[in-house]
Amino acid sequence: MSTVLVRNGRIIDGTGREPLRNASIIIEDGWFKEISKGDLELPPQATVIDATGKTIVPGLIDMHSHLLSGGFDSITEVIDSFEPATQRRSLKQMLYWGVTSTYSPVQPLESGLQLRRDVAEETFLAPRLFISGPGFTAPNGWAGSLLPLARLEPKSLEEAEQQVNQLADAGVNILKIYYDTQCCAFVSPFPKLETAIMERIIQMAHSRDLRVMVHAYDNQFHIDALRAGVDILAHSAVTSPVDDEYLELAGKSKALYLATLSVYHDAFDEVSLREFIAQDFVQKTVPKKTLESLAENGPLDEFLKISKKDYIKDQLPTIQANLKKVAEGGIAVGVGPDTGVMGAFPGISVHREMELMVQAGIPPLRVLEAASKTAAEYLGEELLGTIQQGKIADLVIIKGNPLEDIKHTRDIELVMKAGRVIDRGKLLEEILETE
């Protein structure tokens, strides 16, 4: 039996309650056994971790991660072939930054299932992995040409039903639908999946006890998905302020709202992105080839030429206000930064997203709850997400107080997954060795 005593820290348990100060935790065989204010009696042969002056938060959960690098160096490696080495590196980066569980939508079914098995069997250090398998899109729709090995293009209700059953039988965790023309983001729009097919996918998924994530930018496409009973909305409502109908539908469907602020703030703004990249903690932990792929006069500039970057910049105040209004309207919000896209470096992206959520007006305590308890609920994992007796011992010890400045979440002292202290130094060596 292994026992750990974490002593005298400030515990933010993920439930949304105020912190428990000068508190201690006993962890036994990977489970939280006891949490109490003040000190606890030292169990025999326990390992002691002194958290004096530090903050203890639950292991972070990224609800929208693609196993890419955050640069253009991984485009051919993963989007074309889903290179396992790149995916493993991405997962290691997440764990280094305190992400102990992640949902990764869209990958070839068999390789996705194998990667999830490898993670579960601990063939390498990684967060728990939840997957979708291939994503649903229209013929020649968004992500279709980019993800040739990981798309489903149902042309009828019957075909959609068969494909949902195939994924459900295989044991995927949450389905992913692309339901957008991308006209908000790109000069040339893409075909959109038929509304009736989107509705049938959600209906069939629910009949198989599966939740569904829908990718959409346009407010009307959000509303279509909410009427269909979507469980998770990936990306902010971009085109206009959310109205009472939107909030009523979101409340009725109990949908999780993932704003992906880091995408809008950084991926469409080369100045903001390169300022962020220049920070020391990024330079020291992101592989050099990834950073070089985002340099001036490179692929990023070519990407921005076909994007509607000026429109996205103009809509940023609306995007931020919509998140605040949704959160204040009692709608669940999560942390799902679209990890892996330009500038959303694995692991770092979660901290960036939390920072931008606070800037948008979400209180830090609510943001930390979004990155832990709320995410676990939408994963259907009742033993994850909070620091409470009887739950799996995932935690991060932070050197500062994130309630005073959310950026302190980046200043990590220790990461623990299921009671195991992660050797972050060794993990970083492995991450940078893959350059």
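Could you list, in sequence order, all residues of the stretch 24-52 that are among the small types (Gly, Ala, Ser), within 15 Å of Val396 (Cα to Cα) and without any contact (Cβ under 8 Å) to a residue 60 or more places away in the chain? Across the stretch 24-52, the qualifying residue is only Ser24.
For the stretch 23-42, which positions are at pLDDT 95 or above and either more than 26 Å from His408 (Cα to Cα) or not hydroxyl-bearing (Ser, Thr, Tyr) (or both)? If the condition is that a residue be at pLDDT 95 or above and either more than 26 Å from His408 (Cα to Cα) or not hydroxyl-bearing (Ser, Thr, Tyr) (or both), then Ala23, Ile25, Ile26, Ile27, Glu28, Asp29, Gly30, Trp31, Phe32, Lys33, Glu34, Ile35 are the ones that fit. Here's a check for you: in the stretch 260-289, which residue that is free of Cβ contacts under 8 Å to residues at least 60 places away in the same chain and hydroxyl-bearing (Ser, Thr, Tyr) is nearest to His215 (Cα to Cα)? Once the filter is applied, the top-ranked residue is Tyr264. Mind checking whether some residue in the stretch 59-80 is of a type in the set (Gly, Ala, Ser), modelled with pLDDT of 95 or more, part of a strand (DSSP E or B) and outside the structural domain of Asp266 (by TED's automatic domain parsing)? Looking through the stretch 59-80, none of the residues is of a type in the set (Gly, Ala, Ser), modelled with pLDDT of 95 or more, part of a strand (DSSP E or B) and outside the structural domain of Asp266 (by TED's automatic domain parsing).
Scanning the stretch 107-163 for residues that are closer than 15 Å to Met198 by Cβ, crowded, with 18+ Cβ neighbours inside 10 Å and among the basic types (Lys, Arg) gives a single hit, Arg151. Highlighted here are the strands (runs of 3 or more DSSP E) found entirely within the stretch 322-417 that include at least 1 residues which are charged (D, E, K, R): 412-417.
Number of residues in the stretch 216-230 that are surrounded by fewer than 22 Cβ atoms within 10 Å (Cβ to Cβ) and touching a residue at least 40 places away in the same chain (Cβ under 8 Å): the value is 1. Out of all the residues in the stretch 43-55, is one or more in contact with a helix residue (DSSP H, G or I) (Cβ under 9 Å, 6 or more places away or on another chain) and at pLDDT 90 or above? Looking for residues that are in contact with a helix residue (DSSP H, G or I) (Cβ under 9 Å, 6 or more places away or on another chain) and at pLDDT 90 or above, one finds at least one in the stretch 43-55, hence yes. The residue that is surrounded by the fewest Cβ atoms within 10 Å (Cβ to Cβ), among those in the stretch 231-247 that are among the hydroxyl-bearing types (Ser, Thr, Tyr) and farther than 21 Å from Thr339 by Cα, is Ser240. The residue that is surrounded by the most Cβ atoms within 10 Å (Cβ to Cβ), counting only those in the stretch 164-210 that are farther than 14 Å from Phe136 by Cα and either touching a Pro at 6+ places or on another chain (Cβ under 8 Å) or of a type in the set (D, E, K, R) (or both), is Gln182.
Checked against (1) part of a helix (DSSP H, G or I); (2) over 19 Å from the mean Cα position of the chain (by Cα); (3) at pLDDT 95 or above, Ser111 meets all criteria but (3).
Among residues belonging to the stretch 200-215 that are assigned to a helix (DSSP H, G or I) and in contact (Cβ under 8 Å) with a residue 40 or more places away in the chain, point out the one that is nearest to Leu167 (Cα to Cα). Step by step, filter the stretch 200-215, then rank; the result is Ala205.
The values are calculated or read from the model by the stated rules, or taken from the named source; none is laboratory data. Owing to the predicted nature of the structure, the values given are computational and were not obtained by experimental measurement. Backbone-built Cβ (ideal geometry, glycine too); neighbour counts: all protein chains shown.
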